[in-house]
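Written below as structure tokens is the structure these notes are about.
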Amino acid sequence: MIKNLNRKKSAIAVAIACSVMVTFAHADESIKLDKVEVAGILPEKLETVPGSYAVIDQDELDVSRPFSVQEALNNVPGVHVVGENSFGLGVNIGVRGLDPRRTSRTLLLEDGMPVHLGPYGDPSAHFTTPIERVQRIEVVKGSGQILYGPQTVGGMINFVTKPVPKNGVEGSVSAMAGNNDFTGLHANVGYGGERGGIMIDAIQKKGDGIRDNHDFDMQDIMLKGQLNLTDSQTLIAKVGYYEEDSHVSETGLGALEYAQDKYQAPTGKNDQFKYERKSLHLTHLFDINDKTKLTTNAYYVDAFRTSFRQINAPGTLNNGTQTGFSVMDRCQGLGVATEANAEQCGGRHRPRSYDYWGIEPRLDFKHSLFGVDSDAVVGFRYHEEGNKRQQFRDGNPLAQNLNWAKANGSFREDIRIDIEAKSYYAQNTFYLGDWTLTPGVRVEDVRKTINVLQAEGDPQGFKKSYSQTVTLPGLGATWNGIANTTVFAGIHRGFAPPRPSRDINFDDLAGLDAISATRAEESTNTEIGVRSNYFKGVAFEAALFNIDFDEIVIQQTAGNFVNAGELQNTGIELGARVDFGAIYNTPHNFYVMGNYTNLFKAKFKKDTNESTKGNRLPYAPRDIASVNFGYQHPIGLDARIGVDYVSQQYVDADNTTVESLDGQEGRIPAYTLLNASVNFRPVGSKVSYFMSGHNLADKEYLVSRVDGKVAGRQRQVFAGIRYDF
């Protein structure tokens, strides 16, 4: 523990030392107001991006008024967002047909740095940057991914936070309220000048969840500072604290429970999920000259999550018989679970702690190798993380308290996971007239150590380390021979490291294969497409993509992951917006915007026992579509209404169509949701008024069967006011 702490302190010290040294080296330089700012993951020259991408900017976020990031991403082609929760807590995002569960196949970043629980050990997304803190969302698919990692099989999403003010005091305050007892408060205030500035951002939200007794309360605080060291150097520091306390249970309902009341949660008053996250991010920007920039990032995250639930398996009796109704875990003779008998039972606690840190210097420079103008990027990242997983189970009602369970309950599990990862990457963009050619490579060198101290209630003495080094090349090209139009194509190798948390065979901890339940996922990703705003008032993008997996990992049953052989995902993405106000030169703008994804192939090509060959990948809907019709009035009004459509899905590799009594087998039917928003900011005013509604038709629909049947969100409407200063 002391060794890890010293390493963390050393990493931060290195980052600060680099800043101090370059400060003294250039202390005599003048300072200008026009300082370089932290950019996103996309380059300045968007026409050179050799793949599909989407940018959701501040203007779009202001007028669409999403509840959370999951609504903000609904209009991005290729993105499947599962509305399993109320307001974006524990988001589930899948890209191009990949499993959306806890967004573990999509790389999530904040200002270019990872935000998962454990980027290598447990890439689950129980936290995403609150939408109120976001200035821009970048979604990148295709060969542009190789500069980032470790997850490169799907896409990546970067949340760019708001910058520190430059011209005195700036900020905003807003308040929101809606049905389901929802309230939200947000305040942002900062001060800046030529030497830099400071900003604080605070958010508080609470309300009722989708199911009964699933209330939540979250707070997020961020402090961000910027110091302009010299004319060519900037130091940015960001400290964050996030806390969530909710009664949302991961356990779904059995088939008969769901039919009886799909929104019930018999143990909801006692079930609980708590999450606390502390983060530090330091960035040093050094414009060495007009052609060369050195960016050094250092980050540290300390997170703790614990969950308590009283139902282990939905729709199942204690002896394993499926009945369609659930009973309390480890409590005998109580019968079907109800709010009343839930008070008489204990349950299962799963406290887990995570910490990781890293340092990443990156050099961007322009050159003319072989007489060809080029932009190059080279970088290196050193990353360490440690995970501690424990579990306590007891039938005593006193076990509802974690401290009591630790002192008196049944100690079931204690697993320690340590990871050391080194990442190397290089990329060069050659400018060849109307063409660009972008080759690149990423190398991931990962070492993992798993120490099992307790498993299934028995003391263990099992420890094993293993390493893996993979080389991930990529190549992309663009052609800009037509005005305001880019044709692009790319190919790259994708990689998702094996997750140690699920790679333990508890049936044979002493065996040689005890930590080889699943192997890493590797894929070959290709795409070709075009994006254009050649015609006035019309912008569109189309892309054809293919992902060939050498070995994909799927969830066979809840918490049980297996390698399922080769898989092919092939589809087409379409996105467009038409502004008739621009076409007809009128300030009254009627517009239509939409996207469509057709994943016409998502099938297993080869399996070790051939049982799933030709079947469709679970949770990979064939069709996803969204269309919105809007109107912008010159007085400052923007109103839109639209629908989101998701086609039916299988939930297992066997493509089961008959529903099981525990609710975990069967299909998810197609559904269509009606949404609307209105934003009004009078011209010249600093006040905005807004209202947003999701599932306005109050449609009942199913979204998941991972841990039993889970219903989607009911009608949710909120309204609010914001004052900018």
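Quick notes
- Applying the criterion of being assigned to a strand (DSSP E or B) and surrounded by fewer than 19 Cβ atoms within 10 Å (Cβ to Cβ) to the residues of region 240-265, the residue that is farthest from the chain's Cα centre (by Cα) is 245.
- Qualifying residue in region 642-661 (condition: in contact with a helix residue (DSSP H, G or I) (Cβ under 9 Å, 6 or more places away or on another chain), assigned to a loop (DSSP other than H, G, I, E, B) and loosely packed, with under 15 Cβ neighbours inside 10 Å): no
- Residues being at pLDDT below 95 and either outside any loop (DSSP other than H, G, I, E, B) or under 30 Å from the mean Cα position of the chain (by Cα) (or both) are represented in region 321-336 by at least one member.
- Positions within region 604-634 being modelled with pLDDT of 95 or more, of a type outside the set (Lys, Arg) and in contact with a Ser or Thr (Cβ under 6 Å, 6 or more places away or on another chain), in sequence order: 621, 623, 624
- The residues in region 149-170 that are out of contact with any helix residue (DSSP H, G or I) (no Cβ under 7 Å at 6 or more places or on another chain) and either farther than 25 Å from residue 599 by Cα or basic (Lys, Arg) (or both) can be counted, and the count is 10.
- Inter-residue pairs, beta-carbon under 7 Å, first over 20 Å from residue 612 (Cβ atoms) and in region 647-672, second modelled with pLDDT of 95 or more and among the aromatic types (Phe, Trp, Tyr), 6+ apart: 663/258; 671/701; 672/645
- For beta carbons closer than 7 Å, sequence separation of 6+ or different chains, a first residue in region 363-384 that is under 30 Å from residue 416 (Cβ atoms) and a second that is among the basic types (Lys, Arg) and part of a helix (DSSP H, G or I), the qualifying pairs are 384/7.
- Residue tally, condition surrounded by 19 or more Cβ atoms within 10 Å (Cβ to Cβ) and in a strand (DSSP E or B), over region 696-725: 12
- The single condition among (1) within 30 Å of residue 434 (Cα to Cα); (2) modelled with pLDDT under 95 that residue 289 does not satisfy is (2).
- On the stretch given as region 342-376, residues that are among the hydroxyl-bearing types (Ser, Thr, Tyr) and surrounded by fewer than 15 Cβ atoms within 10 Å (Cβ to Cβ) total 1.
- Residue match in region 189-208 (condition: in a loop (DSSP other than H, G, I, E, B), under 29 Å from residue 253 (Cα atoms), acidic (Asp, Glu) and at pLDDT below 95): yes
- Condition check for residue 83 on (1) closer than 30 Å to residue 416 by Cα; (2) buried (at least 24 other Cβ atoms within 10 Å of the Cβ); (3) modelled with pLDDT under 90: one failure, at (1).
- In region 287-307, the condition of being more than 28 Å from the chain's Cα centre (by Cα) and buried (at least 21 other Cβ atoms within 10 Å of the Cβ) is met by no residue.
- Restricting attention to region 560-602, the residues being buried (at least 18 other Cβ atoms within 10 Å of the Cβ) and touching a helix residue (DSSP H, G or I) at 6+ places or on another chain (Cβ under 7 Å) number 2.
- Of the residues making up region 197-233, those that are within 28 Å of residue 294 (Cα to Cα) and without any contact (Cβ under 8 Å) to a residue 60 or more places away in the chain are 197, 198, 199, 200, 223, 227.
- The set of residues from region 209-239 being surrounded by fewer than 21 Cβ atoms within 10 Å (Cβ to Cβ), part of a loop (DSSP other than H, G, I, E, B) and in contact with a Lys or Arg (Cβ under 8 Å, 6 or more places away or on another chain) comprises 213, 215, 231.
- Residue 277 meets each of the listed conditions (1) over 33 Å from the mean Cα position of the chain (by Cα); (2) modelled with pLDDT of 95 or more; (3) surrounded by 15 or more Cβ atoms within 10 Å (Cβ to Cβ) apart from (1).
- Among the residues of region 407-466, those identified as in contact (Cβ under 8 Å) with a residue 12 or more places away in the chain and not in a strand (DSSP E or B) are 408, 409, 434, 456, 457.
Conditions (1) over 30 Å from residue 144 (Cα atoms); (2) of a type in the set (Ser, Thr, Tyr); (3) in contact with a Phe, Trp or Tyr (Cβ under 6 Å, 6 or more places away or on another chain), marked per residue:
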{"residue": "328", "(1), (2), (3)": "yes, no, no"}
{"residue": "331", "(1), (2), (3)": "yes, no, no"}
{"residue": "355", "(1), (2), (3)": "no, no, no"}
{"residue": "366", "(1), (2), (3)": "no, no, no"}
{"residue": "378", "(1), (2), (3)": "no, no, no"}
{"residue": "398", "(1), (2), (3)": "yes, no, yes"}
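- The listed residues are 277, 305, and the only one of them that is closer than 28 Å to residue 196 by Cα and part of a strand (DSSP E or B) turns out to be 277.
- Filter result (of a type in the set (Val, Ile, Thr) and within 27 Å of residue 414 (Cα to Cα)) within region 298-353: 301, 306, 311, 316, 327
- Test: residue 136 is surrounded by fewer than 23 Cβ atoms within 10 Å (Cβ to Cβ), within 30 Å of residue 478 (Cα to Cα) and in contact with an Asp or Glu (Cβ under 6 Å, 6 or more places away or on another chain): yes
- Residues of region 100-122 that turn out to be under 29 Å from residue 598 (Cβ atoms) and surrounded by fewer than 23 Cβ atoms within 10 Å (Cβ to Cβ), as a count: 3
- One residue stands out among those in region 159-208 that are basic (Lys, Arg) and buried (at least 20 other Cβ atoms within 10 Å of the Cβ): the one that is nearest to residue 233 (Cα to Cα), which is 162.
- The set of residues in region 322-343 being touching a residue at least 40 places away in the same chain (Cβ under 8 Å) and touching a Cys at 6+ places or on another chain (Cβ under 7 Å) consists of 328, 331.
- Single unsatisfied condition, residue 153 versus (1) farther than 27 Å from residue 716 by Cβ; (2) without any contact (Cβ under 8 Å) to a residue 40 or more places away in the chain: (2)
- Some residue of region 120-131 being at pLDDT below 95 and of a type in the set (Asp, Glu): yes
Rundown of residues vs (1) in a loop (DSSP other than H, G, I, E, B); (2) touching a Leu at 6+ places or on another chain (Cβ under 8 Å); (3) not hydroxyl-bearing (Ser, Thr, Tyr), yes/no style:
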site	(1), (2), (3)
340	no, no, yes
345	yes, yes, yes
354	no, yes, no
359	no, no, yes
370	no, no, yes
375	no, no, yes
382	no, no, no
388	no, no, yes
391	no, no, yes
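- Search result, residues across region 716-725 that are of a type outside the set (Phe, Trp, Tyr) and at pLDDT 95 or above: 717, 719, 720, 721, 722, 724
The values are calculated or read from the model by the stated rules, or taken from the named source; none is laboratory data. Please read these numbers as outputs of a predicted model, since none were measured by experiment. Quick reminder, even Gly has a Cβ in these numbers, built from the backbone with ideal geometry, and neighbours come from all protein chains shown.
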